[in-house]
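The values are calculated or read from the model by the stated rules, or taken from the named source; none is laboratory data. Since the structure is predicted, the reported quantities are computational estimates derived from the model, not experimental observations. Here Cβ is always computed from backbone atoms with ideal geometry, including for glycine, and neighbour counts include all displayed protein chains.
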Amino acid sequence: MKRRFFLAGAAALAATPAFADKLSLDAISGYLNGIQSATSDFTQVNDDGSLSTGTVYLQRPGRMRFEYDPPEDLLVMAGGGQIGVFDGRSNLRQAERYPLRRTPLNLILERNVDLSRRRMVVGHDQDGAATVVTAQDPEHPEYGTIQLQFTSNPIELRQWVVRDGQGAKTTVILGQLERVEKLSSFLFNITFEEEKRQR
């Protein structure tokens, strides 16, 4: 299976009321812009139905790192405008690189997220206790979509589902997103990771 690291989420919703008011796009944008550095456990549901777990590190704008638990030998990094994938089955020391802007994940890693003022939102719905926002790059729909689920009181991102340009679906379910003061820049430096692995 070709792995889809552009990560999507099938969500584990926290204990919340059965129904809640739908969150506005402005409120969601404000929440995303308010996240500077954070970390969380995650469970990933792959396109073939298999499960992976690990830890995600987030530093906005533009940086993410997905460390997968054994036996998965996989590391995915976003930084410097690129996504780098280290896969123990094919390219353990040299990352396979992709432009971040060509993935749906870029929409939530932008410096200033403003969902209400751009044509990126193609769905804004309520699903029980969750507000669900579906977004895509209006200029490049072929890059795929990202569907985000948020709970309210307080607003929390619980999962995302990414569908790439070929229709493959990846779901990422977040645990408790823990805000942290600062994360090392080396966590998101693809070139540094390559050099470390080649020593």
Hits in region 117-144 (condition: out of contact with any Phe, Trp or Tyr (no Cβ under 7 Å at 6 or more places or on another chain) and in a strand (DSSP E or B)): VAL121, VAL122, GLY123, HIS124, ASP125, GLN126, ASP127, VAL132, VAL133, THR134, ALA135
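A quick yes/no check of all residues on (1) closer than 19 Å to ARG197 by Cβ; (2) at pLDDT 95 or above; (3) among the small types (Gly, Ala, Ser):
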site: ASN46; (1), (2), (3): no, no, no
site: GLY54; (1), (2), (3): yes, yes, yes
site: TYR57; (1), (2), (3): yes, yes, no
site: ARG60; (1), (2), (3): no, no, no
site: PRO71; (1), (2), (3): yes, no, no
site: VAL76; (1), (2), (3): yes, yes, no
site: GLY79; (1), (2), (3): yes, yes, yes
site: GLY84; (1), (2), (3): yes, yes, yes
site: SER90; (1), (2), (3): yes, no, yes
Selection count, region 73-96, where residues are outside any strand (DSSP E or B) and surrounded by 19 or more Cβ atoms within 10 Å (Cβ to Cβ): 0
Selection status of PRO104, more than 17 Å from ALA27 (Cβ to Cβ) and touching a Ser or Thr at 6+ places or on another chain (Cβ under 9 Å): yes
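Quick grid of which residues meet (1) assigned to a helix (DSSP H, G or I); (2) out of contact with any Asp or Glu (no Cβ under 9 Å at 6 or more places or on another chain); (3) free of Cβ contacts under 8 Å to residues at least 24 places away in the same chain; (4) under 21 Å from ASP21 (Cα atoms):
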residue	(1), (2), (3), (4)
ILE146	no, yes, no, no
ARG158	no, yes, no, yes
GLN166	no, yes, yes, no
THR170	no, no, no, no
GLU181	no, yes, no, no
PHE186	yes, no, yes, no
PHE192	yes, yes, yes, no
GLU195	yes, yes, yes, no
Qualifying residue in region 97-116 (condition: part of a strand (DSSP E or B), basic (Lys, Arg) and more than 16 Å from the chain's Cα centre (by Cα)): yes
Looking only at region 136-156, and only at residues there that are buried (at least 22 other Cβ atoms within 10 Å of the Cβ) and closer than 17 Å to LEU58 by Cβ, the one that is farthest from the chain's Cα centre (by Cα): PHE150
Test set (1) of a type in the set (A, V, I, L, M, F, W, C); (2) exposed (fewer than 15 other Cβ atoms within 10 Å of the Cβ); (3) under 17 Å from MET77 (Cα atoms) - ILE108 fails condition number: (2)
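Determine which member of the set VAL122, VAL162, VAL132 is touching a strand residue (DSSP E or B) at 6+ places or on another chain (Cβ under 6 Å) and surrounded by fewer than 18 Cβ atoms within 10 Å (Cβ to Cβ).
VAL122
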Positions within region 115-130 being in contact with an Asp or Glu (Cβ under 9 Å, 6 or more places away or on another chain), touching a residue at least 40 places away in the same chain (Cβ under 8 Å) and closer than 23 Å to ILE173 by Cα, in sequence order: LEU115, GLN126
Restricting region 28-43 to residues that are buried (at least 17 other Cβ atoms within 10 Å of the Cβ) and more than 19 Å from PHE188 (Cβ to Cβ), the residue that is nearest to the chain's Cα centre (by Cα): THR43
